[in-house]
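This report refers to the structure that appears directly beneath it.
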Amino acid sequence: MEIAPEIPITSTETSKNSTGKPAFSDGEGIHILVIRLSAMGDVAMTVPVISALLKQYPNVKVTVLTRAFFSPLFSEVKNVTVYEADVKGKHKGIFGLWKLYKELKCLNTDMVADLHNVLRSNILRQYFRLGSIPFVQVDKGRAEKKALTSLSHKVFEPLKTTHQRYADVFGKLGMPIDLENASPLPKRAIAPSTMELVKGKERKWLGIAPFAAFDGKMYPLDLMEKVVHILNETGGYKILLFGGGKREKIILDKWDSIYENSINLVGKLTFKEELALISQLNLMLAMDSGNAHLAALFGVPTLTLWGVTHPYAGFYPFKQDPQNALLADREQFPLIPTSVYGKKYPPGYENVMRTIVPEDVLSKIEEIINGQLSR
């Protein structure tokens with residue numbers, strides 16, 4: 001088991017936009033279209049950057065083009081509206097994207113910040129060129145990430161954070177952002193029905209999100225259940241289990257039935273209600289996945305477990321203490337990271353996360369909670 005090393009944050013130096021015009025003082029009258037369609041963690045990472053943008057340029061208006069499901073992420077960020085991209089329906093394919101472009105054109109945006117840089121947004125870029133609207137795309141650092149995850153010619157060094165890559169886009173549009181002064185989102189009020197579900201706050205609220213999109217990023221479920229078992233035995237925590245989908249619900253329903261201090265939340269809350277609950281947690285235990293980024297939005301201490309991925313790739317939760325990451329043992333598995341997203345790993349790397357023992361996870365939870373109590 002390793003502790004994550006310090007991750008440097010680079011600053012945006014650009015003071016002119018892509019057309020060579022000077023940076024804007026407060027963004028008076030500027031309307032920016034921001035494109036980030038998926039996935040949840042990546043969309044969540046845009047929120048602190050956009051919040052920082054609006055803090056520095058309070059007269060800017062932002063429209064975020066994304067899935068309708070993600071709207072609650074931005075619901076309490078001033079001067080932000082969400083425009084739904086229905087890429088599986090009316091906006092599907094080239095003709096659907098042309099229809100989407102015509103809809104977006106009616107919004108009278110002055111510039112476009114493409115924080116996704118995929119085929120769909122590349123097609124939209126060609127359409128926006130017809131109107132001569134400045135369109136800047138995020139540099140995903142694909143070459144550096146390929147070198148970082150290489151199995152034969154690895155360059156093991158920290159890359160620019162995704163948050164900074166997003167901020168650089170706005171810098172190129174003439175609005176450099178200082179992420180050092182970015183603040184977490186305010187806590188959100190919990191609905192009475194949610195409070196009834198979790199039955200009050202007489203104990204510390206500990207969120208656990210044990211799942212990830214790919215196996216290479218997921219802590220073995222038998223080890224995670226051991227963590228839940230021991231936490232349950234202490235009687236000091238209300239263990240709130242996060243997940244999604246039928247398979248995950250079945251697993252968490254079982255834990256819910258066995259461990260009296262745990263509650264499976266799958267299918268019981270809307271995304272808006274879930275965000276409010278996450279904002280009030282004392283701690284979130286998660287993988288290198290979306291739930292970690294959701295908790296970080298609100299400044300919730302977030303303990304992350306890392307398998308074949310690594311914080312060096314730039315996806316560490318926003319402004320979280322680097323010491324709150326437990327990493328698989330690179331001395332035993334020196335090819336880590338083998339993938340940016342956890343999709344790929346060589347034979348023999350299936351169990352890298354077993355080098356993170358439950359006792360270390362429990363010790364770290366106790367350390368973080370005790371640190372809160374001592375403040």
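Here is how the numbers come out for the structure above:
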{"quantity": "Members of the stretch 181-221 that are closer than 21 Å to Gly342 by Cβ and hydrophobic (A, V, I, L, M, F, W, C)", "calculated": "Ile208, Ala209, Phe211, Ala212, Ala213, Phe214, Met218, Leu221"}
{"quantity": "Per-region count, the stretch 70-89, residues under 14 Å from Glu103 (Cβ atoms), part of a loop (DSSP other than H, G, I, E, B) and touching a residue at least 24 places away in the same chain (Cβ under 8 Å)", "calculated": "2"}
{"quantity": "Selection within the stretch 126-144 - open to solvent by 20 Å² or more (accessible area, probe 1.4 Å) and either among the aliphatic types (A, V, I, L, M) or closer than 25 Å to Leu179 by Cβ (or both)", "calculated": "Leu130, Ile133, Pro134, Phe135, Gln137, Asp139, Lys140, Arg142, Ala143, Glu144"}
{"quantity": "Number of the exception - Ala213 against (1) more than 26 Å from Leu326 (Cα to Cα); (2) open to solvent by 60 Å² or more (accessible area, probe 1.4 Å); (3) of a type in the set (A, V, I, L, M)", "calculated": "(1)"}
{"quantity": "Residue within the stretch 154-176 that is acidic (Asp, Glu) and without any contact (Cβ under 8 Å) to a residue 12 or more places away in the chain present", "calculated": "no"}
{"quantity": "Qualifying residue in the stretch 299-320 (condition: open to solvent by 40 Å² or more (accessible area, probe 1.4 Å) and of a type in the set (Ser, Thr, Tyr))", "calculated": "no"}
{"quantity": "Enumeration of residues in the stretch 243-255 that are open to solvent by less than 40 Å² (accessible area, probe 1.4 Å) and more than 18 Å from Asp215 (Cβ to Cβ)", "calculated": "Trp255"}
{"quantity": "Odd one out for Val266, checked against (1) open to solvent by less than 20 Å² (accessible area, probe 1.4 Å); (2) out of contact with any strand residue (DSSP E or B) (no Cβ under 7 Å at 6 or more places or on another chain); (3) touching a residue at least 60 places away in the same chain (Cβ under 8 Å)", "calculated": "(3)"}
{"quantity": "Test: Ile230 is open to solvent by less than 10 Å² (accessible area, probe 1.4 Å), touching a helix residue (DSSP H, G or I) at 6+ places or on another chain (Cβ under 7 Å) and not aromatic (Phe, Trp, Tyr)", "calculated": "no"}
{"quantity": "Residue ranges of helices (runs of 4 or more DSSP H) in the stretch 162-273 with at least 1 members within 30 Å of Gly141 (Cβ to Cβ) and under 23 Å from the mean Cα position of the chain (by Cα)", "calculated": "162-172"}
{"quantity": "Those residues of the stretch 34-69 which are in contact (Cβ under 8 Å) with a residue 40 or more places away in the chain, open to solvent by less than 10 Å² (accessible area, probe 1.4 Å) and under 15 Å from Thr81 (Cβ atoms), in sequence order", "calculated": "Val34, Ile35, Thr46, Val47, Leu53, Val60, Thr63"}
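The values are calculated or read from the model by the stated rules, or taken from the named source; none is laboratory data. The shown structure was predicted, so the numbers you read here are calculated from the model rather than taken from an experiment. Neighbour counts run over all protein chains shown; Cβ positions are idealised from the backbone, glycine included. The accessibility values were calculated without ligands, DNA or RNA, using every heavy atom of the protein model including side chains. Shrake-Rupley method; radii C 1.70, N 1.55, O 1.52, S 1.80 Å.
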